[in-house]
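Just so it is clear, none of the values below were taken in a lab; they were calculated from the coordinates. Everything numeric here is computed off the predicted structure, so don't read it as measured data. Note: ideal-geometry Cβ built from the backbone for every residue, glycine included; neighbour counts use all protein chains shown.
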Amino acid sequence: MLGKQLQTARKQKKFNQDDVARYLDVKRQTYSAYERGVSVPDSLTLKKLADFFEVSTEYFFEYAGNITSRSGAQNEQEEKMLMLSRRADKIPPPLRERLLRNFEESIDGYLEAMGMAEESDE
């Protein structure tokens, strides 16, 4: 199952095995062995793979399918937003809050300028 998940994630992200191997700093044959189920990556490598593919480590042990459908995203843009959200978790909370406020204000400003602003419940 792990090998199939690695292959699915790689193909959905449009990477080849050399790209992933370079990121991991291993030979392509080593990474290929992971996908074929001949070898299993250690926990540190598994974490690096999850970071590279922007998925949780649990993803590699779940039902093989579409990353986007499992994340709940309706389209590619929503998937990008979810991935950015996951990456934002690494930012210290005070800065993350400021970035989120700025992002929200930018979206609200754009919607208002386009005449698409939503009514506020506040």
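Annotation for residue 33 and residue 80: the two label points, set 7 Å from Cα along the Cα-Cβ direction, are 3.8 nm apart.
In sequence order, the stretch 4-13 has phi-based couplings of 5, 5, 4, 5, 4, 4, 4, 5, 5, 8 Hz under the Karplus curve 6.51 cos²θ - 1.76 cosθ + 1.60, θ = phi - 60°, and Gly or Pro positions carry x. The stretch between residue 87 and residue 7, if pulled fully straight at 0.36 nm per residue, gains 26.6 nm over its current Cα-Cα span. Straight-distance candidates among the lysines for linking to residue 4, with alpha-carbon spacing under 26 Å and chain neighbours fewer than 8 residues away dropped: 13, 14, 27, 47, 48, 80. Near residue 18, once Lys and Arg are set to +1 and Asp and Glu to -1 for all other residues with Cβ below 11 Å from its Cβ, the sum equals +3. Figure legend: label point modelled 7 angstrom from the Cα of residue 22 along Cα→Cβ; residues of the stretch 32-56 with amide N under 16 Å from it are 32, 52-53.
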